[in-house]
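Working notes, structure below.
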Amino acid sequence: KIELDEINKERAYQGLPPFKNLKEADAARDKEIAEDEAASRVPPRFSRQQPPEKQDPKVKYKDVGSEANSKPEWGEGEEGYMRPKDPADKLRKNMPYKYKFRRNWGDF
């Protein structure tokens, strides 16, 4: 009874109608708490991903084959005979063997 009187006094001060019983007051309080928690959750600005060097090759090159099939053959289109810049370019049709694999300094 005392709690209900205190809650109703606070509501009267805020200009809200009083509650009839304590169950109604508890339900309203739980609803307000849930709304406040939902409003206080801020979505993260960005999510961290693993750098490409550490990713699993299956994940890293998952869509490369379909991208390569959607591009024209090597020597055709805007890019022409330019060196491949990404893995999808290396899988294009008629790509010279020397461009298909990366050569490092120690591979000689």
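The values are calculated or read from the model by the stated rules, or taken from the named source; none is laboratory data. Keep in mind that this is a model prediction, so the values were computed, not measured. Using ideal geometry, Cβ is built from the backbone for each residue, glycine included, and neighbour counts are taken over all protein chains shown. In case anyone asks, the SASA skips ligands and DNA or RNA and just uses the protein heavy atoms, side chains included. Shrake-Rupley method; radii C 1.70, N 1.55, O 1.52, S 1.80 Å.
For the chain, the longest principal axis of the alpha carbon atoms and the long axis of helix 22-40 meet at an angle near 30°. Using a simple spin-label model with pseudo-atoms 7 Å out from Cα toward Cβ, Glu6 and Tyr61 lie 6.8 nm apart. Of the accessible area of the chain, computed with a 1.4 Å probe over protein heavy atoms only, carbon and sulfur atoms account for 52 percent. Accessible surface area normalised per residue over the chain is 94 Å², counting heavy atoms of protein chains with a 1.4 Å rolling probe. By how many degrees, between 0 and 90 and to the nearest 10, does the Cα long axis of helix 2-14 differ from the longest principal axis of the chain? The two axes meet at around 70 degrees. Only Cα pairs under 8 Å and 6+ residues apart enter the sum, and on that basis the relative contact order of the chain stands at 15 percent.
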